[in-house]
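Student: Got a structure here, written out as structure tokens. Questions coming.
Every number in this text was worked out from the coordinates using simple rules, so none of it is lab data. This is a predicted model, so every value here is computed, not measured. FYI the Cβ positions are ideal-geometry reconstructions off the backbone, even for glycines, and counts take in every protein chain you see.
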């Protein structure tokens with residue numbers, strides 16, 4: 001999402017208005033994410049490659065969607081705790097925390113715009129770029145899925161321009177890369193990515209007193225860490241078992 005944010009800032013700089021529209025930064029991020037795809041689609045078309053499969057937009061079994069939801073909730077909580085642990089050693093500077101204000105909203109139209117950008121467009125664009133195209137081409141080039149996942153995850157980190165979140169983003173990227181490789185599709189990764197971003201939006205718009213049930217001091221409550229671990233394990237186990245044999249049911253069902 002930060003990649004699109006950088007392009008969004010550039011878009012706003014080039015086409016800035018009088019600043020009267022509070023949603024302008026959010027629109028900039030949405031448009032920035034979409035702009036990422038323009039040169040990529042042009043490149044794929046020029047090469048004569050099939051667009052959907054080159055971007056990893058292949059069909060998946062409906063059960064995979066359920067597993068992706070379980071994994072998404074579980075991994076998002078675990079990554080949140082990892083982020084809290086790292087922040088104890090390398091706290092985020094105010095310049096970074098202040099830049100995340102675009103995730104907050106005060107009205108319904110702002111909420112819809114934030115969720116559109118963070119929960120739908122950013123996951124779809126970034127997963128088709130990193131897991132669909134980059135990881136897919138790397139796997140073809142190296143003939144090694146592990147190397148492809150690790151390199152694509154590294155690119156995912158580099159293009160987020162945030163050293164304070166490097167480890168978290170890399171771990172998250174490896175999980176997303178594994179899901180894309182295991183299922184042969186970016187859709188599970190898009191779902192997991194979208195859930196993670198959605199939870200970030202929710203917590204960004206709550207007061208600390210509103211989620212005391214979730215935390216214990218500066219950490220995630222151990223009970224929720226246990227629950228999230230169980231959810232992630234159950235989703236991954238079911239996904240792995242389900243892909244021992246190929247499936248060909250489209251994402252919407254039969």
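Student: Would you list 174, 63, 190 from fewest to most Cβ contacts within 10 Å?
Tutor: Fewest-to-most Cβ neighbours within 10 Å comes out as 63, 174, 190.
Student: How far apart, in nanometres, would the label points at residue 161 and residue 45 be if each is projected 7 angstrom from Cα along the Cα-to-Cβ direction?
Tutor: 2.7
Student: In what order do 83, 144 fall by count of nearby beta-carbon atoms within 10 Å, going from fewest to most? Working shown, then result.
Tutor: Values: 83 18, 144 12.
Lowest to highest Cβ neighbour count: 144, 83.
Student: For residue 205 and residue 120, what does the FRET efficiency come to when R0 = 22 Å and r is the distance between their Cβ atoms, rounded to the nearest 0.05? Kindly include the intermediate steps, with their values, before the conclusion.
Tutor: Numbers: r = 17 Å, r/R0 = 0.78.
For residue 205 and residue 120, the calculated efficiency is 0.80.
Student: Still on this structure: Ranked by Cβ crowding within 10 angstrom, fewest neighbours first, how are 213, 164, 181 ordered?
Tutor: Taking fewest neighbouring Cβ atoms as first place, the list is 213, 164, 181.
Student: Give the Cα extents of region 105-254 along the principal axes, in whole Å, largest first.
Tutor: Dimensions of region 105-254 along the principal axes of its Cα atoms: 50, 35, 32 Å.
Student: Using the Cα gyration tensor of region 81-141, with a ≥ b ≥ c the square roots of its eigenvalues, what is the shape: rounded (a/c below 1.5), prolate (a/b larger than b/c) or oblate (neither)? If you can, show how the numbers build up before the last one.
Tutor: Details: a/c = 3.21, a/b = 1.25, b/c = 2.56.
Here region 81-141 falls in the oblate category.
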